[in-house]
Structure formats: C-alpha cells, structure tokens
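Read through the structure below, which is laid out as structure tokens, and then see the notes.
The values are calculated or read from the model by the stated rules, or taken from the named source; none is laboratory data. A quick note: this is a predicted structure, and the numbers were derived from the prediction, not measured. Every residue, glycine among them, receives a Cβ derived from its backbone with ideal geometry; neighbour counts consider all protein chains shown.
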Amino acid sequence: METGEDASNCPEDCEEGGSVCGNEICETGEDASNCPEDCEEIPFCGDGDCDEAGGETYENCPGDCPLPCDPPCQEGEFCDNGVCVSDLMLSGTIDSVWPIDAPKYFDSEQLPTNGSEVDLILKYINFTGEETGCIRILDAQHIYDPPYDKTHLQLERAANISSGDIFTIYHSTNCGAGA
C-alpha cells in the first residue's frame, strides 16, 4: 500500500475498511491511544472543562472556556466571561461561631437577611488572621426566631475563627488577590 491508496482506488493493495497505523492519516478505528503516530490527542470540547493545557480556548471551544478579559483584570477583580468585575462581595464581623472547638458555622449582623443570602452559597470567604486562604461557603440560611434574626453560613471546612474576627466574601477563589 502506498500513500493515497485505499480500498476504492487500489483494492489489490488495500483491504476494505482496513486502516494502517503509521501512514500519518488518522483513519476509522484509529485514535490517540491505539495509533498516536497518526492521531493526536484532542481535548474533549463540550465536557464543561476548559482544558487550556490540551489546547482548548474560548475561540475553539466557547462552551467549555469563558471569554477572556482583554486587557487582563486588575488587582481585586476577576474575569467573568470577558468582563472584569470586583471580586469583593461583602465584609463584616463574626458574631458567634459553632462548634467552638472546630468552627464550621458562624453568624453576623452584616450578612443579608432579605433572601439574597442564597447568593453567598458556593462563593469564597477568608478571615483576618486565618492562614489557610479562601474557604468555600456551602450554605447560607436566614433564621428568624425573635429575638434572633440573622443569617449563618456553613463553611466547607473548619476554620480558625472566633467572635469578633473580620470576614470578607469574594466571588472567586482568588479572594481578592487579582486575576
């Protein structure tokens, strides 16, 4: 079999439906795992994951990759589908924490109580003095049981926090560190 031959133009050299690994043509039945000489591995566009290392970009896979910000975002901003927005959502002071020995919950007078507290779920928070960086917020609930009328947050993991500590909530995992 020579280059350019196939079963339709040279049946004496080529088997019907057969592929040849090593001819620099990625043919039916060949892929990057069984014939890397002919087939390059292509990231799977459409899986919801922007595989930049694999070559996916907004231009060739807009369903997986967000629109980049040009120019790049400034300190304290993050790129949200091509638009630089402030990473900071809100900040305040912790009123109480629980459990005391390994706090994963806290409440504060500064957290919203008007229904918008649900917007804090799956955002990121850091605390003054907490060395471990951003922590994901898993849940936010407003509790109204007079005289108690506050929102409390559930953190992804225990934090080294106590009453009186300052918290800051951000949109992104950057926690205000920039793009």
(request) Collect the residues in segment 69-111 that are small (Gly, Ala, Ser) and in contact with a Cys (Cβ under 8 Å, 6 or more places away or on another chain), keeping them in residue-number order. (result) Gly82
(message) Test of understanding: among Thr151, Thr168, which residue is over 28 Å from Asn81 (Cα atoms), part of a strand (DSSP E or B) and touching a residue at least 24 places away in the same chain (Cβ under 8 Å)?
(response) Thr151
(request) Go through segment 156-179 and give me each residue that's under 18 Å from the mean Cα position of the chain (by Cα) and under 19 Å from Glu109 (Cβ atoms). (result) Ile169
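For (1) in a loop (DSSP other than H, G, I, E, B); (2) among the hydroxyl-bearing types (Ser, Thr, Tyr); (3) within 14 Å of Asn174 (Cβ to Cβ); (4) modelled with pLDDT under 90, each residue gets a yes or a no:
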{"position": "Gly54", "(1), (2), (3), (4)": "yes, no, no, yes"}
{"position": "Thr57", "(1), (2), (3), (4)": "yes, yes, no, yes"}
{"position": "Asn60", "(1), (2), (3), (4)": "yes, no, no, yes"}
{"position": "Asp64", "(1), (2), (3), (4)": "yes, no, no, yes"}
{"position": "Pro68", "(1), (2), (3), (4)": "yes, no, no, yes"}
{"position": "Gln74", "(1), (2), (3), (4)": "yes, no, yes, yes"}
{"position": "Cys79", "(1), (2), (3), (4)": "no, no, yes, yes"}
{"position": "Val85", "(1), (2), (3), (4)": "no, no, yes, yes"}
{"position": "Leu90", "(1), (2), (3), (4)": "no, no, no, no"}
(request) State yes or no: is Gly54 among the small types (Gly, Ala, Ser), without any contact (Cβ under 8 Å) to a residue 60 or more places away in the chain and at positive phi? (result) no
(request) Starting from segment 131-144, take each residue that is among the polar types (S, T, N, Q) and list its partners that are in a strand (DSSP E or B), counting only C-beta distances under 7 angstrom and pairs at least six apart or across chains. (result) Gln141/Thr151; Gln141/His152
(request) Provide a single number: the residues in segment 31-76 that are under 30 Å from Asn126 (Cα atoms), more than 16 Å from the chain's Cα centre (by Cα) and charged (D, E, K, R). (result) 2
(message) Just to check your reading of the model, which residue among Glu37, Glu27 is over 27 Å from Val83 (Cβ atoms) and touching a Gly at 6+ places or on another chain (Cβ under 6 Å)?
(response) Glu37
